[in-house]
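Values quoted throughout were computed directly from the atomic coordinates according to the rules given, and no laboratory measurement underlies them. Model, not experiment: these values are computed from the prediction. Note: ideal-geometry Cβ built from the backbone for every residue, glycine included; neighbour counts use all protein chains shown.
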Amino acid sequence: MMKEIRLSESLVTLTPRQEVWYKFRTNRSAMLALIVLLLLIAAAIFAPLIATHGPYEQFTDTLLAPPYPSAESKAGFLLGTDDLGRDMFSRLLYGARYSLFLGLAIVAFSLIGGVMTGAIAGMKRGLTETVILRLMDIMLAIPAILLAIVIVAILGASLVNAALAVSIVLFPHFVRLTRAAVISEMGREYVLASQLDGSKGWRLFFPTILPNISAPLIVQSTLSFSNAILDIAALGFLGLGAQPPVPEWGSLLSSSRELIEVAPWTVTLPGLAILVTVLASNILGDGLRDALDPKVDA
Amino acid sequence: MDKRSVLLEVEDLGVDFESHGTSYKAIQSISLKVSAGETVGIVGESGSGKSVTSLAIMGLIKAPGFLRSGAVRFFGKDMLKLSTRQRSRYLGRDISMIFQEPTESLNPVFTIAQQIDEVLKIHGDLRRAQRQERLRELMSIVGMPELEKTLRSWPHQLSGGMNQRVMIAMAIACNPSLLIADEPTTALDATVQQQILVLLRRLQRENNMGMIFITHDLSVVSMIADKIIVMYAGQIVEDCATTDLFQQALHPYTEALLKSLPENYSSANNRMDSIKGAQPGIGEQLPGCSFQPRCSYARERCSQQKPALGPFEKNPSRSVRCFYPLAGNYSGKL
Amino acid sequence: MPQLLLRRLLLIIPGFLGITALTFFLIRLAPGDPILLLAGEHGVTAERYAELQHQFGFDKPLLIQFADYLWQVLNGNLGTSVVTQTPVLEEFGKLFPATLELAVIAIIFATIIAIPAGVLAAVKRNSFIDHSITVVSLVGYSMPIFWWALLLILLFSVNLGWMPVAGRLNFIYDIDPVTGFMLIDTLIAGDQDAFLDALHHLVLPAIVLATIPLAVITRMTRSSMLEVLKQDYIRTARAKGISEFSVIFKHALRNALIPVITVIGLQTSILMTGAILTETIFSWPGIGKWILEAVYRRDYPVVQGGVLLIAGLVILVNTVVDLLYVVINPVLRQQ
């Protein structure tokens, strides 16, 4: 239904920041994704309040109970139980804590370290830049999971080490992004003006350059968040991350792999949780990128 | 073909363009005629709708634009009623178009030879050897230096002027009756501009082609057009023979355009006049005449009613859209 | 153009050196005394220890050790597996064809579906089809692929019984490993049933491995096509009277595919990552599974050599892709 042209309304001009928010706000799927993520984070934070049982409690008389709609499900166990009688719902809730908070921590680490390294490369140029770039290229040549696996193999299998390994794996992306962005900003007038004023090094970077390159960094962060969750889960699945009985989603999949025939819900549910989280994060990232990029017309 | 037979008749053409659920009028009530051997110039600022008009005539308007009204009769047949496939038989063969940015308008992954050959292949039944011959013929017609080398080149290797010659070659390859030129010289250097204009004029004369020449530059159009149509904010505001226009402009906008020509810089004015203000933005609709806010002759009626395009009393071969045309009255209705 | 080629090839050298250095020093950081590991389970006397230390050069300064290692590598010696006592390079050679076969099938499958899907989504932009394709590809790269593998196994092997779960070939077939590619070898042996069985075994792992590349290539094709369709030369093509089909598949696609081809090439790294997980779940005897097991078993020479080989492979493919990009993009070709 097309409406005819309205009589002249005053042309509203928006500041760039308002425009970004507007574009984002009208993107329904991105908003939905944001809400889902916020709900997940809330669920993770309030897990002890929401969970029906403790994540490690074993109920020996309700082993392998299926989730609710089924005839054989047991009361109180919303999503069924596993082979040790532990409540799936509660374990998934507590598992959210690991995936989400680890994901955030990993991104924070890679972001901070990567941005600073990239800034150094972009501002110093010369040999420093070349060395850093080559090092990043080499790190990127090793497939992600492989690098993470090797690092964990060296440090020992634990959740913390897995998180560290994944941070290292995601690190080069931020370095390259920041370096490229810094280089393209360095020729701009506002940077030159600032330099004439006497700023250099970190004094130049943080207040002056960084705000102007934040858009691609934000988008990369959501992408890295998704990858972090998937990588941690993969390491957990391979037994190189979270160790049982920690209910991290990936390691839940590892221990329930053998139950696939008798208790498929122990396999489908944790994976579904990962999928929903990562999907929301990716949709959010797409939405942010569309809102922040002036040229994009997806 | 009689030199003055009418090739193209555009009737009440209107194109809307849709954005976020509302539609805006890009062009409205556009009517014009082009005869064989005649050049019709369409003049206007960017945003006046001149390019949209040309694309609408070709049937190339795509979402978010859509055709709202009008007929485009080419040799009596309404092109807009044809299906895309039917229309594509005419495009490139009987009606051709050349564009403003010649290098951007050529496909970067095909050579010049391949691109011109394509037109010959789909519209004719020349055999390969004959097409190759015609290619070379066309290249020399448009005055392309280093013929063989150019044919083997890619667009990005050639200059803007050369690419425009290529576009012209493609456009006239099948001897079209009508050529639409959308700002063909705007992106080129002044000297090259001249050469292209001369080339177009010559081709037109030799083939008795009708031509629509779109530009924002009055001095360019004066060199090439027989008739001029002035567009403003999506509508025609003046329509007359070139000589008439330069002798006496009827619409205040036309007068302002003339005044802002560099050659009209006079010591009396002591500066070049530019037209103050800007065209109404997309979607802005004023209750009265669209030019009124910038018109130095505007009176009360102008902000309250919209003038219609009508013949000028003193010389009915001219049309103007104004209640108070300069140098006299007009007999148009409201 | 030859200079560009040369320069690009020369860049491989520092890359290669870097990888070698990285793997060398990385493994040195591993816990556990490498000599004790190399010596095996029976323990070692102080004398033997010193002997081994000398033999493997652990008593020399680190940099010399690295130089030695580098020299060894260039001569084709990447160490010996502590578990199987076979040279690393040899094991790699035996197992690589399995991974290659899987990867090639996966990427072909992904490309054949992804490119038409991306084109369709772009041409029918914002329609239901476009949204569906976009959502499906989003889900595709948001899924943990080990979970996806398990789901497929659950459905097709456990519930429906259509697909086998493990390995490349049913053990009843005895095929000579001529090329290492099961599909080819079974044809060479003339055993049609075995060929079909090999194909049967390939289906699920290939689907799993292809999932992420499929999603990525679809998205890339779609956005590339959208960009291209906006260009002036597409408008010119239509003004020339070219059929819409030709406009899309000849004029637009050839331009749109240029960046997509490089994306396809760069999927190698993703494929290797995916291979590790996929091969493990499907018990596919390739290098992914090999290197993972080496990590579990602390078979450090294998880990070191394996990482070096895999990373080297990725660098090689990336270089080829870079060069290919210059070839297919006429704008760059003249430089």
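Values as computed for the structure displayed
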read-out	value
Principal-axis tilt of helix B:128-141 within chain B, Cα atoms, nearest 10 degrees	50 degrees
Relative contact order computed over segment B:1-106 (Cα-Cα under 8 Å; 6+ residues apart), in percent	31 percent
Candidates C:161, C:312, C:241: whichever shows maximal mean-square fluctuation once chain C is modelled as a Gaussian network with Cα springs under 10 Å	C:241
Separation of alpha-carbon centers, segment C:237-287 and segment B:49-100, rounded to whole Å	36 Å
Pairs of lysines in chain A (C-alpha under 30 Å apart; 8 or more residues apart or interchain)	4
Estimated [θ] at 222 nm from DSSP helical runs (n ≥ 4, -39500 (n - 2.57)) normalised by residues in chain B, nearest 500	-9000 deg cm²/dmol
Crossing angle, helix A:159-186 versus chain A [Cα axis fit, 0-90 degrees, rounded to tens]	20 degrees
Proximal charge balance of residue A:212 [Cβ under 11 Å; K/R count +1, D/E count -1]	0
Ranked by how many other beta carbons lie within 10 Å on average, peptides B:106-117, B:135-146 from highest	B:106-117, B:135-146
Packing rank of C:89-95, C:154-160, A:150-156, where each peptide gets the mean count of other beta carbons within 10 Å, highest leading	A:150-156, C:89-95, C:154-160
Percentage relative contact order, chain C, counting C-alpha pairs under 8 Å, at least six apart	26 percent
Least to most buried among C:141, C:296 (fewest other Cβ within 10 Å first)	C:296, C:141
Three-way shape label, segment B:21-78, alpha-carbon gyration tensor, a/c 1.5	oblate
Test item: B:17-27 mean partner chain Cβ contacts at 10 Å	2
Acute angle (nearest 10 degrees) that the helix B:190-207 long axis makes with the longest principal axis of chain B, alpha-carbon atoms	80 degrees
Of B:25/B:81; B:77/C:240; B:149/C:250; B:33/C:230; B:259/B:314, those spanning more than 27 Å from alpha-carbon to alpha-carbon	B:33/C:230
Averaged over A:147-153, number of beta-carbon atoms from partner chains that fall within 10 Å	6
Theoretical ellipticity at 222 nm over chain A - DSSP helices of four or more residues, -39500 (n - 2.57) apiece, nearest 500	-22000 deg cm²/dmol
Highest-fluctuation residue, C:184, C:107, C:64 considered, GNM on chain C with Cα pairs under 10 Å	C:64
For A:251, B:51, C:81, B:303, order by how many other beta-carbon atoms lie within 10 Å, fewest first	B:303, B:51, C:81, A:251
Per-residue average of Cβ from other chains inside 10 Å of C:15-22	4
Under the span-like rule (Cα at least 20 Å along the axis, Kyte-Doolittle mean at least 1.6), DSSP H helices of chain C	C:12-28, C:88-123, C:300-328
Most fluctuating residue given options A:211, A:55, A:67, as computed from a GNM of chain A linking Cα atoms under 10 Å	A:211
Inter-part distance where segment B:114-192 and segment A:205-229 are each reduced to a Cα centre, Å	48 Å
Residue order, fewest to most beta carbons within 10 Å, for C:290, C:147	C:290, C:147
